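Report on the structure given below.
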Amino acid sequence: MNPLTHINGFCQWVMVNRLAFCYVVPAHQRTFFPESAWGERVNPPDISHILLEYVFADPGCEKENPFLDGSDSVVRQTKATERRSMAQTRNPAKKGIIPWPELIPGTLIRRYKRFLADVRLENGETVTAHCPNSGSMKACCQPGRPVYLSFHDNPKRKLRYTWELIHMPGSLVGVNTQVPNRLTAHAIASGDVAELSGYATVRREVRAGSHSRIDIRLDSPDRRPCYVEVKNCTLVTDGVATFPDAVTLRGQKHLMELQQLVASGCRCAMFFLIQRMDAHRFAPADHIDPEYGRKLRQAARHGVEIIVYDVSIDLSTIRLNHRVPYALELHKE
């Protein structure tokens, strides 16, 4: 009897020592497949040494054997995200870590029109890179600082380069605001956030209400749903990280929505990710957006949890590091 008929999981063919095998990733292990921060194609892992949970050789499946080139590798995969998930399952020490794409060093000339940055590469060429950050980027966009770009050979893109990192005196700083949501969801799914552990599923960009989406939703059959809104924090002064770095009406709206969800019986958390390593405390930036500070304190009083983490970051990877203490009292620069 084919054991796959009794398994609710994803079937995948593999080649190990020229023999065809089939393994199953159980459904509960594939509820969330963390994307890399850039969605790049990842080479399939070498799984010859993995102790598979369900393995069998089935001669009767020869007609369905997808191996056409005889290679000793995984040659069929439904989604690139499942390849990454398998690699992370194989090596638990790698959980919660996101690799950077290949980084190209340069020197920042200027950032302008919010989403553009001119960078001089090491070969002397000047390129215009996409700046994936809509904030003011106070304290992390000084001309003359070393920066690192990723290259994307996509004909649909107007700009082939994306600005990923800048080297400030106290720390490397991640400027790509697409990273925090993916990294936080990845870390939660990997069990790296103790405050948000124990949930069966992790979903991103979940609708909450008729006109809004929340970054992350966590669910378990025996627990109330938990909504998590993630904010990228790069502004650090004298060791104090503050958010926002510009007036944010959208951020204020998210705080009101989380309070409404708490009132309806859900658990909610504001997750501030400090994308640098030189902060020892967090506070709302009342000197920049006093209304946001007021609404954050109001949200905390009404049951919205505040969680703050920094990262460990180098030119190879980024991962969640430590929980950072916070103070919500009125903070002035």
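The values are calculated or read from the model by the stated rules, or taken from the named source; none is laboratory data. Here the structure is a predicted model, which is why all the values come from computation and not from measurement. Backbone-built Cβ (ideal geometry, glycine too); neighbour counts: all protein chains shown.
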Filter region 252-261 down to the residues that are buried (at least 17 other Cβ atoms within 10 Å of the Cβ) and more than 23 Å from the chain's Cα centre (by Cα), then identify the one that is nearest to Tyr326 (Cα to Cα). Gln259
Requiring at least 1 residues that are over 17 Å from Leu261 (Cα atoms) and under 19 Å from the mean Cα position of the chain (by Cα), the strands (runs of 3 or more DSSP E) wholly within region 189-235 are 201-207, 223-233
Looking at (1) farther than 27 Å from Pro325 by Cβ; (2) of a type in the set (A, V, I, L, M); (3) under 15 Å from the mean Cα position of the chain (by Cα), which one does Leu249 not meet, given that it meets all the others? (3)
Scan of region 99-132 for residues that are surrounded by 14 or more Cβ atoms within 10 Å (Cβ to Cβ) and either farther than 21 Å from Ile313 by Cβ or touching a residue at least 60 places away in the same chain (Cβ under 8 Å) (or both), ordered by number: Pro99, Trp100, Pro101, Leu103, Ile109, Phe115, Leu116, Asp118, Arg120, Leu121, Val127, Thr128
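Residues are listed down the side, and each one gets a yes or a no for (1) surrounded by fewer than 20 Cβ atoms within 10 Å (Cβ to Cβ); (2) among the β-branched types (Val, Ile, Thr); (3) without any contact (Cβ under 8 Å) to a residue 40 or more places away in the chain; (4) not assigned by TED's automatic domain parsing to the domain that holds Leu149:
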{"site": "Arg276", "(1), (2), (3), (4)": "no, no, no, yes"}
{"site": "Leu296", "(1), (2), (3), (4)": "no, no, no, yes"}
{"site": "Ser312", "(1), (2), (3), (4)": "yes, no, yes, yes"}
{"site": "Leu328", "(1), (2), (3), (4)": "yes, no, no, yes"}
Looking at Ala246, Ala285 in this structure, which one is aliphatic (A, V, I, L, M) and modelled with pLDDT of 95 or more? Ala285
Taking only region 80-123 into account, find how many residues are at pLDDT 50 or above and among the small types (Gly, Ala, Ser). 3
Suppose we filter region 125-167 for residues that are outside any loop (DSSP other than H, G, I, E, B) and within 22 Å of the chain's Cα centre (by Cα); how many remain? 14
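Does region 71-79 contain at least one residue that is of a type outside the set (D, E, K, R), touching a strand residue (DSSP E or B) at 6+ places or on another chain (Cβ under 9 Å), at pLDDT 90 or above and in a loop (DSSP other than H, G, I, E, B)?
no
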Can Pro290 be described as in contact with a His (Cβ under 9 Å, 6 or more places away or on another chain) and either surrounded by fewer than 18 Cβ atoms within 10 Å (Cβ to Cβ) or under 16 Å from Thr234 (Cα atoms) (or both)? no
Under 7 Å by Cβ, and 6 or more places apart or on different chains, what pairs join a residue from region 223-244 that is in the same structural domain as Gly303 (by TED's automatic domain parsing) and at positive phi with one that is at pLDDT 95 or above and part of a strand (DSSP E or B)? Gly239/Arg281
Scan region 167-178 and tell me whether some residue there is surrounded by 24 or more Cβ atoms within 10 Å (Cβ to Cβ) and of a type in the set (Val, Ile, Thr). yes
